[in-house]
Amino acid sequence: MSALVIDNLHVVFGAFRALDALSLAVDSGEVRAVIGPNGAGKTTLLDAITGITRPRSGRILLGDTYDLTACSEAEIARAGVRRKFQKPSVFPALTVRENLAIGCGPECPARTRPARLASTLSETGLEARADTLAGALAHGEKQWLEIGMVLASEPRLILLDEPVAGLSDAETASTADLIGALRRPDRAILVIEHDMAFVEAVADRVTVLHEGRTLFEGSMTGARADARVIEVFLGR
Ligand SMILES: Nc1ncnc2c1ncn2[C@@H]1O[C@H](COP(=O)(O)OP(=O)(O)OP(=O)(O)O)[C@@H](O)[C@H]1O
Ligand SMILES: [Mg+2]
């Protein structure tokens, strides 16, 4: 079963085609990486999925049937799609726990909120920092908090834009473990990243985007061996 289907999607900015007849499908339970050079359209894809940018044509389905293409940002979030933005955007003057409570979203019943906060703190390894102001966290901890804010709503589709940008090797390895632990049969994770060792560690399959189109789809090993991928991306 698919968790996400992108069907012949076109996103244009004036005369520029940011996504050009893009099609891809992510299975339930899968961790998919979307990689490719700067400007390939990776963030634009997340903008289209989350309703920030309207495609000119094509369809975006959650599961095999639920059509998100014309939904509002709020409807898409309520359907279980959550995103970590490329730039960390935690609330610095609130504690870690308060940030996570915001991540739970308005749909989370007050009764289940404490248990959900506790499990999110444990999943992200931030238990000891629960009462720390988010602004005082190290950069890596901020990234994990932001992943936690995404997790707190128990999403069925998690979108992560560059979760290890600016992290040390040790923090990157911890983030790979964290994402591995988030796998569930009823959840899919789509992660954009430039760190290829990290991608290799977390992703079941990779989609290589180039100029808004799929250049390659398959294993990271396959991507490394693909002449076109080497030419436009990995060889640079
Ligand atoms: N709102 C917009 N208006 C005009 N052009 C845009 C807009 N958003 C993105 N673009 C252009 O679309 C192209 C794809 O941008 P996008 O941010 O999706 O790239 P990316 O693959 O995420 O790159 P990076 O790896 O640098 O984050 C770029 O050329 C960008 O300048
Ligand atoms: Mg981007």
For this session: Might you let me know whether segment 46-56 holds any residue that is within 16 Å of ligand 2 (Cβ to nearest atom), in contact (Cβ under 8 Å) with a residue 40 or more places away in the chain, touching a helix residue (DSSP H, G or I) at 6+ places or on another chain (Cβ under 7 Å) and among the β-branched types (Val, Ile, Thr)?
Result: yes
Exercise. Can you pull out the residues in segment 165-212 that are in a strand (DSSP E or B), within 16 Å of ligand 2 (Cβ to nearest atom) and either open to solvent by 30 Å² or more (accessible area, probe 1.4 Å) or basic (Lys, Arg) (or both)?
Worked result: 210
For this session: Could you please tell me which pairs satisfy a Cβ distance under 7 Å, a separation of 6+ or placement on different chains, a first residue in segment 105-121 that is over 23 Å from residue 141 (Cβ atoms), and a second residue that is open to solvent by 60 Å² or more (accessible area, probe 1.4 Å) and not in a loop (DSSP other than H, G, I, E, B)?
Result: 107/78
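Out of the residues in segment 8-37 that are outside any strand (DSSP E or B) and within 15 Å of ligand 1 (Cβ to nearest atom), which is surrounded by the most Cβ atoms within 10 Å (Cβ to Cβ)?
First, the residues of segment 8-37 that are outside any strand (DSSP E or B): 14-15, 28-30, 36-37.
Imposing the further condition that a residue be within 15 Å of ligand 1 (Cβ to nearest atom) reduces the set to 14-15, 36-37.
Values: 14: 5, 15: 5, 36: 24, 37: 17.
So, considering only residues that are outside any strand (DSSP E or B) and within 15 Å of ligand 1 (Cβ to nearest atom), the one surrounded by the most Cβ atoms within 10 Å (Cβ to Cβ) is 36.
Only one residue in 77, 40 is within 13 Å of ligand 2 (Cβ to nearest atom) and either outside any helix (DSSP H, G or I) or in contact (Cβ under 8 Å) with a residue 24 or more places away in the chain (or both). Which one?
Working: 77 fails: within 13 Å of ligand 2 (Cβ to nearest atom).
Sole residue among the options that is within 13 Å of ligand 2 (Cβ to nearest atom) and either outside any helix (DSSP H, G or I) or in contact (Cβ under 8 Å) with a residue 24 or more places away in the chain (or both): 40.
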Exercise. What is the one condition in (1) open to solvent by less than 10 Å² (accessible area, probe 1.4 Å); (2) in a loop (DSSP other than H, G, I, E, B); (3) within 16 Å of ligand 2 (Cβ to nearest atom) that residue 155 does not satisfy?
Worked result: (3)
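Taking the condition of being in a helix (DSSP H, G or I) and either aliphatic (A, V, I, L, M) or out of contact with any helix residue (DSSP H, G or I) (no Cβ under 8 Å at 6 or more places or on another chain) (or both), how many residues in segment 140-152 meet it? Give the steps one after another, and end with the answer.
Restricting attention to segment 140-152, the residues satisfying the condition of being in a helix (DSSP H, G or I) are 140-151.
Still in the list and also either aliphatic (A, V, I, L, M) or out of contact with any helix residue (DSSP H, G or I) (no Cβ under 8 Å at 6 or more places or on another chain) (or both): 145-147, 149-151.
Count: 6.
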Exercise. List the pairs whose first member sits in segment 57-74 and is modelled with pLDDT of 95 or more, whose second member is open to solvent by 70 Å² or more (accessible area, probe 1.4 Å), and whose Cβ atoms are under 8 Å apart, counting only residues at least 6 apart or on separate chains?
Worked result: 57/8; 58/8; 59/8; 62/156; 67/59; 68/75; 69/59; 73/52
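The values are calculated or read from the model by the stated rules, or taken from the named source; none is laboratory data. The shown structure was predicted, so the numbers you read here are calculated from the model rather than taken from an experiment. No Cβ is skipped: glycine too gets one built from the backbone with ideal geometry, and neighbour counts run over all protein chains shown. The protein model used for the area step is the full one, side chains on, heavy atoms only, and it has no ligands, DNA or RNA in it. Shrake-Rupley method; radii C 1.70, N 1.55, O 1.52, S 1.80 Å.
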